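The values are calculated or read from the model by the stated rules, or taken from the named source; none is laboratory data. All values reported here derive from a predicted model rather than from experimental measurement. Note that we place each Cβ from the backbone using ideal geometry, even for glycine, and neighbour counts take in every protein chain shown.
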Amino acid sequence: MALIPPNLAPPKLPGRGGPRTPRTQLVVLTFLLLVVIGLFGWLKLTEAPRDSTVPVDSATTPLEAENAPAAAQIDRELLQEVRDATAADRIVREPRPFLHVLFEAGKLVPGDFRRLKATLADDAVYQQLLEQPGEWRGRAVVAKARFNFATAEKVPLGDRDSAGNEMQFSYWRGVATDDLGRTWSFSLLEEPTGIGPGDVIKIEGFFFKKLALFDPDHPDELIDPTLHLIGKRVVKSFLRMPPVKQLSMALLSTVRDYTIEDRLTLPEEPLWHVMSFVQNIDADALAAAAEVESGLGEATYLTNQALTKSPDEYRGAPVRLLGSVSDQQKPWFRDDENPLDLPQVWHSLLVHNGPSFSYLISPERPPEWITGQATVLVEGVFLKLHTYQAVNRQTVTCPVVVVKRFVPFRIETEGLRANISWILIGVSAPIVLGVLLLAARDRKAAAALQEKRLHRRKARREGPPPGGAPAAADAGSGRPPGGSGGG
């Protein structure tokens, strides 16, 4: 049996109803503070993420890989055989260099003329072509003029078939006149279908020579001088586009959704058509039109996945997409086409969760605040799908959206999260104060305990006080100190 000193109660063990020490309270409050800090961290980590990893080369746009080599390669030495027309030598076309340029032009794919840094034939360039045609021979030139006519022509190949007949190659030759009365002639591999007299066309070709041509409607008259370009095809163009108040579904039906094998750029006329429409529609009206009634009677919006799955169904549809705008908002502008007189056209990527992407084209510069905004609503019009190969060799298919405006993303949960944050701040403040007070008390208690220990050790080293032994004996006999027990 254990001996218990007199007048001493047994000590109460922790956890059995005894009072908590300041150190225990300090541990509990520290644990609560860590819980609050963890909740703050959870709120931060569960915010809408801003994915800055965008699979797009900073030097290459998805719409046109300008650093890729052009398909056509012109032999400048062969073009030294070409002679420009004079008063004595009017209509001469050298077959060998002509066929070489014509066949090389046939290798062109959309985007090649941009990679070749083709020159737009403005007034200054036109004058240089007239005065120094030899310096420009074989160079890529873009001209805009009004279509006059085109006829089928043949040029000898220099070989004979099995029957001994001279072999010939068919092509198309045409003439166009710009608004200042300057004449351009062109040779093409493809027939200019769907183009009539007076239509504005864009001629992308290699400058061949200066010559004079007979007008088929007036054989006695020469078209002189004529600057001759050799290309693959001509396309419709425009000098100025009137404001578009309503989208043309017939025009949008010509838009194709391109694959990685289809090295085609955006169709320019539908693109400018949609940009003009976006410029002229009211932003609130476009946002309201983007709402789609779901089966539950709630307003929902088209998603990136829906546009990717059914592009033909939603072409030209108003959309509202949610995501974060990439940091690369770059100007993108074709110098040879600007029917809306826009100073620049801006493009960037909208990064969705997944990740998936939408390619954004904006007639106006995006606001600066979107760079630091984790989540943004983008309102605009869906045009088409585009597929490209990113810098990391990943094949990406994404919707192309012409943007009307960027809207900061706000939902009710953000207000709730803000309220939770303030509650956590209110809870953490007294916890932090309690931790500090208990830590101070714990330090004082530890200092007092240490002082007592030192005092007891000092007393033991100095020995018992004088007369300590008899007093101890009297105490053990039960007699009063110094008494004999008698009367």
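When ILE203 is tested against (1) more than 15 Å from TYR126 (Cα to Cα); (2) outside any loop (DSSP other than H, G, I, E, B); (3) aliphatic (A, V, I, L, M), exactly one condition is not met: (1). Entry remark, the stretch 100-117: residues being touching a strand residue (DSSP E or B) at 6+ places or on another chain (Cβ under 7 Å), closer than 21 Å to GLN168 by Cβ and surrounded by fewer than 19 Cβ atoms within 10 Å (Cβ to Cβ) number 1 in total.
Restricting the stretch 63-92 to residues that are surrounded by 19 or more Cβ atoms within 10 Å (Cβ to Cβ) and over 30 Å from LEU385 (Cβ atoms) leaves a set whose member that is modelled with the lowest pLDDT is ALA85. Selection of first residues in the stretch 387-402 that are surrounded by fewer than 15 Cβ atoms within 10 Å (Cβ to Cβ) and of second residues that are in a strand (DSSP E or B) and at pLDDT below 80, restricted to Cβ pairs under 7 Å at least 6 apart or on distinct chains, gives the following pairs, ordered by first then second residue: THR395/GLN389. Kindly establish whether ASP335 is surrounded by fewer than 18 Cβ atoms within 10 Å (Cβ to Cβ), more than 20 Å from the chain's Cα centre (by Cα) and modelled with pLDDT under 85. Yes.
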